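The values are calculated or read from the model by the stated rules, or taken from the named source; none is laboratory data. Because the structure is predicted, anything quoted here is derived from the model rather than measured. Virtual Cβ from ideal backbone geometry, glycine too; neighbours counted across all protein chains shown.
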Ligand code: S6P
Ligand code: ZN
């Protein structure tokens with residue numbers, strides 16, 4: 001393939017031109033939250049713009065602000081099927097990257113503009129928006145990493161007295 005460039009809109013998180021776009025609403029990830037579905041609501045939790053290549057994939061996620069019960073909006077989260085690492089580059093908003101090994105080890109790191117988080121292979125990862133604005137970040141990962149969504153996270157991020165608190169793990 002030839003070199004190319006894409007444009008990241010640092011305000012909206014759009015990555016164009018992209019090769020795929022994913023939208024996840026509450027009903028696509030109800031089991032991720034402890035609280036049951038809110039009555040009549042199926043809010044948009046996040047959108048992902050993906051630029052696939054045959055080597056590295058580039059993807060931006062726009063994770064909206066909000067809570068389900070007392071848990072902040074978060075991505076579904078997964079572990080890569082292959083021994084593939086991943087980089088998170090914070091673009092806008094504030095939040096956390098929660099990482100967890102299936103042996104139960106938990107680490108979490110702040111994510112905001114200018115923060116870069118490195119996730120080694122075998123660590124499950126998810127992002128959590130603890131702010132009032134959309135959390136926008138760019139991920140770079142091997143195109144054939146594969147995504148296993150059957151992971152369970154023992155740590156959760158809740159809003160307590162108006163502030164984020166990581167529980168469990
Ligand atoms: C892909 C990378 C991200 C996520 C995105 C949505 O390896 O980790 O681009 O796909 O943040 O999260 P999820 O857990 O729904 O794929
Ligand atoms: Zn990943």
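Tabulated values for the structure
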{"item": "Any hit, the range 45-63, residues being away from ligand 1 (no atom under 12 Å from the Cβ) and assigned to a strand (DSSP E or B)", "result": "no"}
{"item": "Selected residue (criterion: nearest to ligand 2 (Cβ to nearest atom)) from residues of the range 68-84 that are within 13 Å of residue 144 (Cα to Cα) and surrounded by 21 or more Cβ atoms within 10 Å (Cβ to Cβ)", "result": "80"}
{"item": "Number of the exception - residue 146 against (1) at pLDDT 95 or above; (2) in contact with a strand residue (DSSP E or B) (Cβ under 8 Å, 6 or more places away or on another chain); (3) within 30 Å of residue 36 (Cβ to Cβ)", "result": "(3)"}
{"item": "Number of positions in the range 1-43 that are touching a residue at least 60 places away in the same chain (Cβ under 8 Å) and at positive phi", "result": "1"}
{"item": "Number of the condition not met by residue 97 [criteria: (1) away from ligand 1 (no atom under 11 Å from the Cβ); (2) free of Cβ contacts under 8 Å to residues at least 40 places away in the same chain]", "result": "(1)"}
{"item": "Evaluation of residue 98 against (1) within 15 Å of ligand 2 (Cβ to nearest atom); (2) part of a strand (DSSP E or B); (3) surrounded by fewer than 18 Cβ atoms within 10 Å (Cβ to Cβ) (one fails), failing number", "result": "(3)"}
{"item": "Hits in the range 70-88 - residues which are away from ligand 1 (no atom under 11 Å from the Cβ) and without any contact (Cβ under 8 Å) to a residue 60 or more places away in the chain", "result": "73, 83"}
